[in-house]
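Report on the following structure.
The values are calculated or read from the model by the stated rules, or taken from the named source; none is laboratory data. Note that this is a predicted model, so its numbers are computed, not measured. Neighbour counts run over all protein chains shown; Cβ positions are idealised from the backbone, glycine included.
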Amino acid sequence: MNYPFEKLEKLLEAFKGNVEKNIDNIDIAVLLQEAIDEVVFCRTSFLRSVFTLKNKKQLRLIVQTSQLTLIALENRVVELYIHDSSTFAIADLLLQEMDLMLDFLAIYFSDCFDTCKAAPIHYVLAKQEKIMDNLTLFKESLKIEKQEKAVWKILFSEVEQVIKGMNKINTSFHELLFLERLFPIAESSEILFIETEFYTVSEIYLLQQGYNNDVFIERLVRKMHEKASETNDPIVFWEQQKKLLLQLRKRTVNVYRTDHADPITELLKYTEVELLYLYQINKLLNEPGFSNDMEGKTEKLMVSTLPVNQLAVILRLFVDRGYLKPMNQSAFFNKIAKVTGMGNKDSISAMSLRNKYYCPEKTAIEGVRDLFHGCLKDMGRY
(Lines give C-alpha, C1' and ligand atoms only; values in the text may rest on other atoms or scores of the structure.)
Protein backbone atom coordinates (compact mmCIF):
# COMPACT_ATOMS: atom_id res chain seq x y z
CA MET A 1 0.00 0.00 0.00
CA ASN A 2 1.45 3.37 -1.01
CA TYR A 3 1.54 6.33 1.36
CA PRO A 4 -1.95 7.89 0.83
CA PHE A 5 -1.36 11.59 1.58
CA GLU A 6 1.46 12.54 -0.78
CA LYS A 7 -0.78 14.54 -3.14
CA LEU A 8 -2.57 16.23 -0.22
CA GLU A 9 0.76 17.36 1.25
CA LYS A 10 1.76 18.89 -2.09
CA LEU A 11 -1.57 20.72 -2.41
CA LEU A 12 -1.28 22.20 1.08
CA GLU A 13 2.34 23.19 0.44
CA ALA A 14 1.14 25.10 -2.64
CA PHE A 15 -1.69 26.59 -0.54
CA LYS A 16 0.86 27.76 2.03
CA GLY A 17 3.01 29.35 -0.68
CA ASN A 18 0.05 31.19 -2.19
CA VAL A 19 -1.10 32.52 1.18
CA GLU A 20 2.39 33.79 2.03
CA LYS A 21 2.67 35.50 -1.38
CA ASN A 22 -0.89 36.92 -1.18
CA ILE A 23 -1.85 35.18 -4.44
CA ASP A 24 -5.41 35.71 -5.75
CA ASN A 25 -8.09 34.07 -3.58
CA ILE A 26 -9.51 32.27 -6.63
CA ASP A 27 -6.29 30.25 -6.97
CA ILE A 28 -6.34 29.48 -3.24
CA ALA A 29 -9.99 28.36 -3.41
CA VAL A 30 -9.15 25.99 -6.30
CA LEU A 31 -6.29 24.47 -4.32
CA LEU A 32 -8.50 24.01 -1.26
CA GLN A 33 -11.25 22.34 -3.31
CA GLU A 34 -8.67 19.96 -4.79
CA ALA A 35 -7.45 19.20 -1.26
CA ILE A 36 -11.06 18.46 -0.15
CA ASP A 37 -11.54 16.09 -3.08
CA GLU A 38 -8.24 14.37 -2.26
CA VAL A 39 -9.22 13.80 1.40
CA VAL A 40 -12.55 12.29 0.28
CA PHE A 41 -10.70 10.06 -2.19
CA CYS A 42 -8.23 8.95 0.49
CA ARG A 43 -11.07 7.98 2.81
CA THR A 44 -12.99 6.00 0.19
CA SER A 45 -9.90 4.19 -1.14
CA PHE A 46 -8.27 3.45 2.23
CA LEU A 47 -10.40 0.40 3.09
CA ARG A 48 -9.76 -1.21 -0.31
CA SER A 49 -6.03 -0.57 -0.04
CA VAL A 50 -5.52 -2.17 3.38
CA PHE A 51 -6.25 -5.60 1.88
CA THR A 52 -2.88 -5.38 0.09
CA LEU A 53 -1.03 -5.25 3.42
CA LYS A 54 0.66 -8.46 4.55
CA ASN A 55 0.34 -8.21 8.34
CA LYS A 56 -0.93 -6.23 11.35
CA LYS A 57 2.44 -4.51 11.80
CA GLN A 58 2.20 -2.92 8.34
CA LEU A 59 -1.38 -1.86 9.03
CA ARG A 60 -0.43 -0.23 12.34
CA LEU A 61 2.44 1.62 10.65
CA ILE A 62 0.30 3.03 7.81
CA VAL A 63 -2.59 3.99 10.14
CA GLN A 64 -0.37 5.79 12.66
CA THR A 65 1.69 7.46 9.92
CA SER A 66 -1.55 8.67 8.30
CA GLN A 67 -2.81 9.85 11.69
CA LEU A 68 0.35 11.88 12.41
CA THR A 69 0.29 13.37 8.90
CA LEU A 70 -3.35 14.43 9.22
CA ILE A 71 -2.69 16.03 12.62
CA ALA A 72 0.24 18.04 11.21
CA LEU A 73 -1.61 19.04 8.02
CA GLU A 74 -4.77 20.07 9.83
CA ASN A 75 -2.84 22.26 12.28
CA ARG A 76 -1.02 23.80 9.30
CA VAL A 77 -4.33 24.77 7.67
CA VAL A 78 -5.56 26.28 10.97
CA GLU A 79 -2.39 28.41 11.15
CA LEU A 80 -2.78 29.66 7.57
CA TYR A 81 -6.44 30.44 6.98
CA ILE A 82 -7.81 33.89 7.87
CA HIS A 83 -11.26 34.06 9.43
CA ASP A 84 -12.43 37.15 7.55
CA SER A 85 -11.10 36.06 4.13
CA SER A 86 -13.35 34.93 1.27
CA THR A 87 -11.74 31.45 1.37
CA PHE A 88 -12.55 30.88 5.05
CA ALA A 89 -15.69 28.83 4.32
CA ILE A 90 -13.95 26.42 1.94
CA ALA A 91 -10.95 26.11 4.29
CA ASP A 92 -13.38 25.21 7.06
CA LEU A 93 -14.90 22.51 4.81
CA LEU A 94 -11.41 21.08 4.27
CA LEU A 95 -10.85 20.93 8.03
CA GLN A 96 -14.19 19.17 8.49
CA GLU A 97 -13.25 16.56 5.87
CA MET A 98 -9.90 15.99 7.61
CA ASP A 99 -11.76 15.61 10.92
CA LEU A 100 -13.95 12.95 9.28
CA MET A 101 -10.81 11.18 8.02
CA LEU A 102 -9.41 11.05 11.56
CA ASP A 103 -12.76 9.71 12.83
CA PHE A 104 -12.66 7.11 10.05
CA LEU A 105 -9.20 5.91 11.14
CA ALA A 106 -10.18 5.90 14.83
CA ILE A 107 -13.39 3.90 14.23
CA TYR A 108 -12.33 1.36 11.60
CA PHE A 109 -8.76 0.87 12.85
CA SER A 110 -9.21 1.34 16.60
CA ASP A 111 -6.56 -1.29 17.44
CA CYS A 112 -3.93 0.64 15.45
CA PHE A 113 -5.00 4.24 16.10
CA ASP A 114 -2.87 5.99 18.75
CA THR A 115 -5.42 7.58 21.12
CA CYS A 116 -2.66 9.03 23.32
CA LYS A 117 -1.63 11.55 20.64
CA ALA A 118 -2.78 15.15 20.96
CA ALA A 119 -5.65 15.87 18.55
CA PRO A 120 -5.53 18.84 16.12
CA ILE A 121 -6.96 22.07 17.50
CA HIS A 122 -9.88 22.23 15.03
CA TYR A 123 -10.74 18.60 15.78
CA VAL A 124 -10.76 19.31 19.53
CA LEU A 125 -12.98 22.37 19.10
CA ALA A 126 -15.40 20.49 16.83
CA LYS A 127 -15.66 17.57 19.28
CA GLN A 128 -16.14 19.89 22.25
CA GLU A 129 -18.93 21.70 20.39
CA LYS A 130 -20.61 18.37 19.65
CA ILE A 131 -20.31 17.28 23.29
CA MET A 132 -21.71 20.60 24.53
CA ASP A 133 -24.63 20.24 22.08
CA ASN A 134 -25.35 16.82 23.59
CA LEU A 135 -25.21 18.32 27.07
CA THR A 136 -27.68 21.03 26.09
CA LEU A 137 -30.00 18.44 24.55
CA PHE A 138 -30.07 16.24 27.64
CA LYS A 139 -30.39 19.18 30.00
CA GLU A 140 -33.54 20.15 28.13
CA SER A 141 -34.70 16.56 28.39
CA LEU A 142 -33.94 16.65 32.11
CA LYS A 143 -36.28 19.63 32.58
CA ILE A 144 -39.13 17.73 30.96
CA GLU A 145 -38.51 14.31 32.52
CA LYS A 146 -36.99 15.23 35.87
CA GLN A 147 -37.82 12.00 37.65
CA GLU A 148 -36.71 9.64 34.86
CA LYS A 149 -33.57 11.59 33.87
CA ALA A 150 -32.47 12.78 37.33
CA VAL A 151 -29.86 10.04 37.52
CA TRP A 152 -27.92 11.75 34.70
CA LYS A 153 -27.62 15.12 36.42
CA ILE A 154 -24.38 14.22 38.25
CA LEU A 155 -22.87 12.93 35.02
CA PHE A 156 -23.69 16.16 33.17
CA SER A 157 -21.97 18.22 35.86
CA GLU A 158 -18.92 15.96 35.73
CA VAL A 159 -18.61 16.23 31.93
CA GLU A 160 -18.78 20.03 32.12
CA GLN A 161 -15.96 20.04 34.68
CA VAL A 162 -13.81 17.80 32.45
CA ILE A 163 -14.33 20.08 29.44
CA LYS A 164 -13.49 23.20 31.44
CA GLY A 165 -10.21 21.62 32.59
CA MET A 166 -9.09 20.65 29.08
CA ASN A 167 -5.97 22.13 27.51
CA LYS A 168 -6.98 22.44 23.83
CA ILE A 169 -3.39 22.09 22.57
CA ASN A 170 -2.67 18.92 24.57
CA THR A 171 -6.09 17.24 24.56
CA SER A 172 -5.68 13.62 23.45
CA PHE A 173 -7.98 11.62 21.21
CA HIS A 174 -8.58 9.37 24.22
CA GLU A 175 -9.98 12.22 26.32
CA LEU A 176 -12.40 13.19 23.55
CA LEU A 177 -13.41 9.58 22.99
CA PHE A 178 -13.91 9.19 26.74
CA LEU A 179 -16.43 12.05 26.71
CA GLU A 180 -18.18 10.98 23.52
CA ARG A 181 -18.78 7.49 24.89
CA LEU A 182 -20.90 9.03 27.65
CA PHE A 183 -23.65 9.97 25.19
CA PRO A 184 -25.50 6.96 23.90
CA ILE A 185 -27.93 8.31 26.50
CA ALA A 186 -30.68 9.26 24.06
CA GLU A 187 -31.76 5.63 23.55
CA SER A 188 -30.78 4.27 26.98
CA SER A 189 -33.30 4.10 29.78
CA GLU A 190 -31.23 4.24 32.95
CA ILE A 191 -27.69 3.87 34.27
CA LEU A 192 -27.15 1.40 37.10
CA PHE A 193 -25.16 3.44 39.60
CA ILE A 194 -23.29 1.83 42.49
CA GLU A 195 -22.41 3.86 45.58
CA THR A 196 -18.64 4.39 45.84
CA GLU A 197 -16.27 7.10 46.97
CA PHE A 198 -13.51 5.81 44.69
CA TYR A 199 -14.87 5.81 41.12
CA THR A 200 -16.48 8.84 39.53
CA VAL A 201 -19.91 8.60 37.94
CA SER A 202 -18.48 8.59 34.42
CA GLU A 203 -15.94 5.88 35.29
CA ILE A 204 -18.66 3.62 36.70
CA TYR A 205 -20.80 4.22 33.62
CA LEU A 206 -17.95 3.36 31.23
CA LEU A 207 -17.03 0.23 33.20
CA GLN A 208 -20.63 -0.93 33.12
CA GLN A 209 -20.71 -0.34 29.37
CA GLY A 210 -17.56 -2.46 28.93
CA TYR A 211 -15.39 0.46 27.74
CA ASN A 212 -12.03 -1.35 27.44
CA ASN A 213 -9.66 1.36 26.20
CA ASP A 214 -6.09 0.64 27.40
CA VAL A 215 -5.43 4.23 28.49
CA PHE A 216 -8.67 4.27 30.50
CA ILE A 217 -7.73 1.02 32.30
CA GLU A 218 -4.16 2.17 33.02
CA ARG A 219 -5.48 5.43 34.46
CA LEU A 220 -7.81 3.55 36.82
CA VAL A 221 -5.02 1.15 37.88
CA ARG A 222 -2.73 4.10 38.65
CA LYS A 223 -5.54 5.74 40.60
CA MET A 224 -6.09 2.52 42.61
CA HIS A 225 -2.39 2.25 43.52
CA GLU A 226 -2.24 5.91 44.58
CA LYS A 227 -5.32 5.52 46.77
CA ALA A 228 -4.02 2.28 48.31
CA SER A 229 -0.73 3.96 49.28
CA GLU A 230 -2.70 6.60 51.23
CA THR A 231 -4.71 4.12 53.33
CA ASN A 232 -3.72 2.70 56.71
CA ASP A 233 -4.75 -0.82 55.72
CA PRO A 234 -4.07 -1.62 52.03
CA ILE A 235 -5.54 -5.12 52.38
CA VAL A 236 -8.93 -3.68 53.38
CA PHE A 237 -8.77 -1.21 50.48
CA TRP A 238 -8.04 -3.89 47.84
CA GLU A 239 -10.69 -6.22 49.30
CA GLN A 240 -13.23 -3.40 49.02
CA GLN A 241 -12.21 -2.78 45.38
CA LYS A 242 -12.53 -6.49 44.59
CA LYS A 243 -16.03 -6.57 46.09
CA LEU A 244 -17.04 -3.43 44.18
CA LEU A 245 -15.68 -4.74 40.86
CA LEU A 246 -17.54 -8.04 41.31
CA GLN A 247 -20.75 -6.04 41.87
CA LEU A 248 -20.08 -4.01 38.75
CA ARG A 249 -19.42 -7.13 36.68
CA LYS A 250 -22.84 -8.54 37.58
CA ARG A 251 -24.51 -5.42 36.23
CA THR A 252 -22.37 -4.70 33.17
CA VAL A 253 -23.95 -4.62 29.71
CA ASN A 254 -20.76 -4.82 27.57
CA VAL A 255 -21.82 -2.42 24.83
CA TYR A 256 -18.26 -1.92 23.52
CA ARG A 257 -17.27 -5.44 22.49
CA THR A 258 -13.80 -5.61 20.93
CA ASP A 259 -10.87 -8.01 20.91
CA HIS A 260 -9.60 -6.43 24.14
CA ALA A 261 -10.21 -8.05 27.51
CA ASP A 262 -13.22 -6.98 29.55
CA PRO A 263 -12.22 -3.87 31.61
CA ILE A 264 -13.56 -5.19 34.92
CA THR A 265 -11.70 -8.48 34.39
CA GLU A 266 -8.50 -6.48 33.81
CA LEU A 267 -9.00 -4.48 37.00
CA LEU A 268 -9.82 -7.63 38.97
CA LYS A 269 -6.55 -9.16 37.73
CA TYR A 270 -4.55 -6.25 39.18
CA THR A 271 -6.57 -6.40 42.40
CA GLU A 272 -5.94 -10.15 42.83
CA VAL A 273 -2.20 -9.67 42.34
CA GLU A 274 -2.08 -6.94 44.99
CA LEU A 275 -4.11 -8.99 47.47
CA LEU A 276 -1.96 -12.10 46.95
CA TYR A 277 1.19 -10.06 47.55
CA LEU A 278 -0.21 -8.41 50.69
CA TYR A 279 -1.52 -11.72 52.07
CA GLN A 280 1.91 -13.31 51.66
CA ILE A 281 3.69 -10.38 53.28
CA ASN A 282 1.20 -10.42 56.14
CA LYS A 283 1.73 -14.17 56.61
CA LEU A 284 5.49 -13.68 56.63
CA LEU A 285 5.28 -10.94 59.25
CA ASN A 286 3.24 -13.20 61.53
CA GLU A 287 5.58 -16.18 61.31
CA PRO A 288 7.37 -17.07 64.60
CA GLY A 289 10.87 -15.70 64.82
CA PHE A 290 10.44 -13.23 61.98
CA SER A 291 12.05 -9.85 62.59
CA ASN A 292 11.63 -6.70 60.52
CA ASP A 293 15.40 -6.24 60.86
CA MET A 294 15.92 -9.29 58.66
CA GLU A 295 14.88 -7.37 55.57
CA GLY A 296 17.67 -4.86 56.01
CA LYS A 297 20.24 -7.66 56.36
CA THR A 298 19.41 -9.36 53.05
CA GLU A 299 22.59 -9.75 51.05
CA LYS A 300 22.65 -7.60 47.91
CA LEU A 301 23.42 -9.60 44.78
CA MET A 302 23.60 -6.68 42.35
CA VAL A 303 23.60 -2.89 42.09
CA SER A 304 21.59 -1.22 39.33
CA THR A 305 22.54 2.17 37.90
CA LEU A 306 19.15 2.36 36.16
CA PRO A 307 16.24 4.22 37.79
CA VAL A 308 13.47 2.00 39.17
CA ASN A 309 11.02 2.95 36.38
CA GLN A 310 13.42 1.74 33.65
CA LEU A 311 14.22 -1.48 35.51
CA ALA A 312 10.47 -2.12 35.77
CA VAL A 313 10.00 -1.57 32.01
CA ILE A 314 12.81 -4.05 31.20
CA LEU A 315 11.26 -6.68 33.50
CA ARG A 316 7.82 -6.08 31.96
CA LEU A 317 9.26 -6.40 28.45
CA PHE A 318 11.03 -9.69 29.21
CA VAL A 319 7.96 -11.16 30.94
CA ASP A 320 5.57 -10.10 28.15
CA ARG A 321 7.91 -11.63 25.55
CA GLY A 322 8.15 -14.87 27.54
CA TYR A 323 11.89 -14.63 28.28
CA LEU A 324 11.17 -14.49 32.01
CA LYS A 325 8.36 -16.51 33.59
CA PRO A 326 7.75 -15.61 37.25
CA MET A 327 6.20 -18.52 39.15
CA ASN A 328 4.78 -16.08 41.69
CA GLN A 329 4.33 -12.45 40.63
CA SER A 330 4.29 -11.01 44.15
CA ALA A 331 7.39 -12.91 45.33
CA PHE A 332 9.06 -11.93 42.04
CA PHE A 333 8.92 -8.18 42.83
CA ASN A 334 9.68 -8.68 46.51
CA LYS A 335 12.85 -10.71 45.94
CA ILE A 336 14.22 -8.52 43.15
CA ALA A 337 13.74 -5.49 45.41
CA LYS A 338 15.54 -7.22 48.31
CA VAL A 339 18.66 -8.28 46.40
CA THR A 340 19.06 -5.14 44.25
CA GLY A 341 20.81 -1.96 45.31
CA MET A 342 20.18 1.30 43.46
CA GLY A 343 23.35 3.38 43.38
CA ASN A 344 23.35 5.46 46.57
CA LYS A 345 20.33 3.59 47.96
CA ASP A 346 20.68 0.33 49.88
CA SER A 347 17.48 -1.11 48.40
CA ILE A 348 14.43 -0.35 46.30
CA SER A 349 10.77 -0.51 47.21
CA ALA A 350 8.97 -3.65 46.04
CA MET A 351 5.72 -1.68 45.85
CA SER A 352 7.35 1.05 43.73
CA LEU A 353 8.83 -1.56 41.39
CA ARG A 354 5.47 -3.31 41.08
CA ASN A 355 3.53 -0.10 40.45
CA LYS A 356 5.95 1.05 37.74
CA TYR A 357 5.83 -2.43 36.20
CA TYR A 358 2.04 -2.36 35.81
CA CYS A 359 1.90 1.33 34.86
CA PRO A 360 5.06 2.02 32.80
CA GLU A 361 5.95 5.68 32.41
CA LYS A 362 6.48 7.14 28.94
CA THR A 363 9.85 8.62 29.91
CA ALA A 364 10.97 5.21 31.18
CA ILE A 365 9.92 3.51 27.92
CA GLU A 366 11.89 6.07 25.91
CA GLY A 367 14.90 5.63 28.22
CA VAL A 368 14.87 1.84 27.76
CA ARG A 369 14.56 2.25 23.99
CA ASP A 370 17.71 4.44 24.01
CA LEU A 371 19.43 1.95 26.32
CA PHE A 372 18.76 -0.97 23.94
CA HIS A 373 19.98 1.07 20.97
CA GLY A 374 23.24 1.63 22.88
CA CYS A 375 23.48 -2.11 23.62
CA LEU A 376 23.11 -2.93 19.92
CA LYS A 377 25.97 -0.55 19.08
CA ASP A 378 28.16 -2.14 21.78
CA MET A 379 27.50 -5.60 20.32
CA GLY A 380 29.45 -4.58 17.24
CA ARG A 381 32.64 -4.50 19.32
CA TYR A 382 32.36 -8.13 20.47
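Of everything listed in (1) closer than 27 Å to V215 by Cα; (2) among the small types (G, A, S); (3) at pLDDT below 80, the single unmet condition for G343 is (1). Kindly evaluate L47 against the criterion of being within 25 Å of E180 (Cα to Cα), among the aliphatic types (A, V, I, L, M) and either in contact (Cβ under 8 Å) with a residue 60 or more places away in the chain or touching a His at 6+ places or on another chain (Cβ under 8 Å) (or both). Yes: the conditions hold for L47.
Taken over the stretch 311-338, the residue count meeting the criterion of being modelled with pLDDT of 80 or more and over 17 Å from M351 (Cβ atoms) is 10.
Scanning the stretch 91-135 for residues that are β-branched (V, I, T) and surrounded by fewer than 20 Cβ atoms within 10 Å (Cβ to Cβ), we see that the one that is farthest from L12 (Cα to Cα) is I131.
Scanning the stretch 51-77 for residues that are buried (at least 16 other Cβ atoms within 10 Å of the Cβ) and of a type in the set (A, V, I, L, M) gives L59, I62, V63, L70, I71, L73, V77. Exactly one residue among L155, L182, L192, L135 is at pLDDT 75 or above, of a type in the set (A, V, I, L, M, F, W, C) and closer than 30 Å to R249 by Cβ, and that residue is L135. Looking across the stretch 312-323 at every residue that is over 22 Å from I281 (Cβ atoms) and surrounded by fewer than 17 Cβ atoms within 10 Å (Cβ to Cβ), the one that is farthest from the chain's Cα centre (by Cα) is identified as Y323. Just one of the numbered conditions (1) of a type outside the set (D, E); (2) touching a residue at least 40 places away in the same chain (Cβ under 8 Å); (3) not assigned by TED's automatic domain parsing to the domain that holds S172 is not true of P120: (3). Taking N232, is it outside the structural domain of D133 (by TED's automatic domain parsing), at pLDDT below 75 and farther than 27 Å from A118 by Cβ? It is false that N232 is outside the structural domain of D133 (by TED's automatic domain parsing), at pLDDT below 75 and farther than 27 Å from A118 by Cβ. Taken over the stretch 270-303, the criterion of being at pLDDT 65 or above, farther than 30 Å from L220 by Cα and not in a loop (DSSP other than H, G, I, E, B) is satisfied by M302, V303. Just one residue in the set Y123, Y199 is of a type in the set (S, T, Y), under 30 Å from L68 (Cβ atoms) and either modelled with pLDDT under 80 or touching a Leu at 6+ places or on another chain (Cβ under 9 Å) (or both); that residue is Y123.
Under the condition of being farther than 24 Å from I169 by Cβ and in a helix (DSSP H, G or I), the residues counted in the stretch 52-101 number 10. The condition of being out of contact with any helix residue (DSSP H, G or I) (no Cβ under 7 Å at 6 or more places or on another chain) and at pLDDT 85 or above does not hold for D114.
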